[in-house]
Each structure stands twice: as structure tokens, then as C-alpha cells.
Amino acid sequence: MTAKKTIAVVGATGTQGGGLVRAILTDPEGGFAVRALTRDINSDKAKKLAHLGAEVVAANVDDLESLKSAFQGAYGAYCVTFFWEHFSPEKELAEATSMAQAAKHAAVQHVIWSTLEDTRKWVPLSDNRMPTLLGKYKVPHFDGKGEADQVFTDLGLPVTFLLTSFYWDNFIYFGMGPKKGPDGKLALTLPLSDKKLPGIAAEDIGRCAYGIFKRGHELIGKTVGIAGEHLTGAQMAAAFTQSLGQEVRYNAVPAEAYRGFGFPGAEDLGNMFQFKCDFNEYFCGARRLEFARALNPALLTFATWLAQNRSRIPLSD
Ligand SMILES: NC(=O)c1ccc[n+]([C@@H]2O[C@H](COP(=O)([O-])OP(=O)(O)OC[C@H]3O[C@@H](n4cnc5c(N)ncnc54)[C@H](OP(=O)(O)O)[C@@H]3O)[C@@H](O)[C@H]2O)c1
């Protein structure tokens, strides 16, 4: 019997990491074992992962030594940061640096870094099509991740850069789903113009990451992107209409208006949608559906995701 290759998973009690943990544990013959990293090994979510068969260890991405211990002896590491917990790209860069250093220290053989584009390569700070935020970013929650790519490269790590996509789960948890307007009718409000948004069932990110680890050396040193479907606002609204059994209209708003919506992160997300629209061909092209499906044959379409989740989408306001 050959020993299983252990994957250390950051954010294991969360969305991306949790999907990877479940993907590994539901494939007991796959040759991989999972080490779930959490700040609290006694939380209900951590206990549930242990119950499913994960090795659960304590680690904090703000504590390099804890990461070094948690990565020790692992074959692979899944590295992700948590922008929306602190809204700081500098903190993301520091956390990514710690994870990269820990992976180097533990001589991990395959790292997946869950990244996004540094949009400043497309829209330099001098480009006034969108405002500069926090002094030196265009899309803060993208730019810090993209900037961190270099840290993994500079340390000479065997890394796959994974470009993720918009979670359709944002329609449940992030307040982005259809809302009733003054006319009482549901509308999906997004600054997407007539462009396509690469989206994915969040659970599929981990399943695709598992597919990357299973490919061995093939994707080391590469940047790969994943999505479940590329859909326009009108197409998503039509799918909502079909699935919810009541009309959902697509309400296209300008990015400028979206930036002014006032919720935490509105400017960041307004710039993000503008970037996705202005560079739509690049952005969709970097997230190929056939590739994601090859990594993860169970990849959900938006309609299938909706069929599984429609009752969880809050529609009250
Ligand atoms: N929403 C989207 O559409 C989307 C799309 C692409 C990329 N992203 C990116 O995805 C990232 C978040 O990933 P996610 O959605 O998987 O996160 P998540 O579901 O919010 O998971 C967060 C998990 O990470 C753990 N965590 C938080 N702070 C930690 C720390 N300091 N040290 C160690 N663990 C910590 C927590 O676990 P414990 O409490 O157990 O420690 C928590 O369960 C963000 O950076 C975001 O920009 C989001």
C-alpha cells in the first residue's frame, strides 16, 4: 500500500477550502489525505471535518510558525486569503507571504495559490476610467492577490496559480441576489452591461483544485482559470425567472452608480465589475469551461446550481 499524499488546506472550514476537503474525503481511493487548517479546532465546523475523516490542526495565516508546523510533512498546500474579513490588500500580501514561506520551509511539493488578477497591469493607477482606491489599488481584493503571485514565484515554489470566479453563492450570502424594486418586482442589479460574467458554484472551486492536485506535475508553474459558465446579466435573470417561477428582470446599472451604493466594498466591487466588462474577452478566456469540467466532471451549470439552491436565496427585500 502506498502512503497517501497529504494536502494541507487553508480555510478548510470555509468555502474554497471546505470544497477541497470534501472533494478529497469523498474520494477515499484517490490517493490523497487531508489536513484541515483552522484557528479553532473545537468549533462545530472543525469537528464536522474531523468526523468526516480530516486531520484537523490549528493554524492562523497571520502566524508564520503555526503555518510551518501545519504544512510540515504535507505533499501539497492549498493557500487562500480572506479579504472580506479585513478589507486589506496589504494584509493579504503579508498572509500570502507567510503561506509561501511556510510551504518553502516544509518543502511542499505542490502549492495551489488561489489568486486573482492584479488589475493594475490592465488599468494602471494613472488610468482614470475607474477611481484609485486605498491609495494604490484599482480592485483591492484582486490586486493584492495578484501582487502576491510574485512571492510564490520568487521563492521558487512548485505552484499552480488558480484564477477563481464569482461565486453564484454570492446571490445567497453576499446580498447580490434579486431584490424587489418599488414596483414589487424582482430585479437582478449588476453593472455588467451586456457582458458575460464567469461564475461558479463555490463548492466546485475545491473540486477543481482537487483535480489540479491529481494532475501531479502537469500544472505546476502554470496559471489556470476556472468557471462553471459565462453568463450575461440577462441570461442569469432568465435562469432566475425559470427557477424561481416568478419574473426576475436584469437591471443593468453603470459601474459608477454601483460604486456609490454605499455598502462596504461597493467601490471595490464596482471597479471589479468594470474591469470584468472592459476586459471581458480576456477575463472569460482566462477561465475556460472545458478545462474546469476536465478537472471536475461534476461541474455545475448555473441552472443546476439554482435547482439545488433556489430555496436559500433571500428574496424578501
Ligand atoms: N465571493 C466570491 O465571489 C469570490 C470569488 C473569487 C475569490 N474570492 C475570494 O475568496 C477568498 C475567501 O475564500 P473563502 O470564500 O473560501 O472564505 P470563507 O468561506 O470566508 O472562509 C473563511 C475560512 O477561513 C478561515 N480563516 C479566516 N481567517 C483566518 C486566519 N487568520 N487564519 C486561518 N484561517 C482563517 C476561517 O476558518 P476558522 O474560523 O475555522 O479559522 C473560515 O472558515 C477572499 O479573499 C475572496 O476575495 C471570493
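The values are calculated or read from the model by the stated rules, or taken from the named source; none is laboratory data. Note that the structure is a prediction, hence the values are computed from the model and not measured. FYI the Cβ positions are ideal-geometry reconstructions off the backbone, even for glycines, and counts take in every protein chain you see. To get the accessible areas, we keep the full protein, side chains included, count just its heavy atoms, and leave off ligands, DNA and RNA. Shrake-Rupley method; radii C 1.70, N 1.55, O 1.52, S 1.80 Å.
Summary table below
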read-out: Surface accessible to a 1.4 Å probe, per residue, for the residues of region 166-317, Å²; value: 43 Å²
read-out: Qualifying chymotrypsin sites (Phe, Trp or Tyr not before Pro) for region 122-203 [loop in DSSP, other Cβ within 10 Å: at most 12]; value: none
read-out: Calculated FRET value between ASN170 and ALA3, using beta carbons and R₀ = 30 Å, to 0.05; value: 0.15
read-out: Over 33 Å [Cα-Cα, the chain], rounded percent; value: 25 percent
read-out: 5 angstrom amide H check on ALA201, placed H, neighbours 5+ away; value: TRP168, GLY228, LEU300
read-out: Fraction of accessible area attributable to carbon and sulfur, region 191-293 (%, probe 1.4 Å); value: 50 percent
read-out: Built amide H within the under 5 Å cut-off of LYS5, gap 5+; value: PHE32, ALA33
read-out: Nearest-0.05 FRET efficiency for ASP194 and ASN42, computed from C-beta distance (R0 51 Å); value: 0.55
read-out: Per-residue ³J(HN,Hα) for region 216-226, Karplus 6.51 cos²θ - 1.76 cosθ + 1.60, θ = phi - 60°, Hz, x for Gly and Pro; value: x, 7, 3, 9, 6, x, 10, 9, 10, x, 9
read-out: Within the chain, longest stretch free of exposed trypsin sites (Lys or Arg not before Pro) [DSSP loop, at most 16 other beta carbons within 10 Å]; value: 40-128
read-out: Separation in nanometres of the label points that stand 7 Å from Cα toward Cβ, at ASP27 and LEU52; value: 1.4 nm
read-out: DSSP H segments from the chain that extend 20 Å or more along their own axis, Cα-based, with Kyte-Doolittle mean of -1.0 or above; value: 89-105
read-out: P(r), alpha carbons of region 1-160 - 10 Å bins starting at zero, rounded %; value: 11, 38, 31, 14, 5, 0
read-out: Helical mean residue ellipticity (222 nm; -39500 (n - 2.57) per DSSP H run of 4+; nearest 500) of the chain; value: -12000 deg cm²/dmol
read-out: Region 7-135, relative contact order [Cα under 8 Å, separation at least 6], %; value: 23 percent
read-out: Selection of GluC sites (Glu not before Pro), region 212-317, meeting DSSP coil and at most 13 other Cβ within 10 Å; value: GLU247
read-out: Loop-located GluC sites (Glu not before Pro) in region 12-91 whose Cβ has at most 11 other Cβ within 10 Å (DSSP); value: GLU29
read-out: Residues GLU85 and LYS185, FRET efficiency given R0 of 45 Å [Cβ-Cβ distance, rounded to 0.05]; value: 0.85
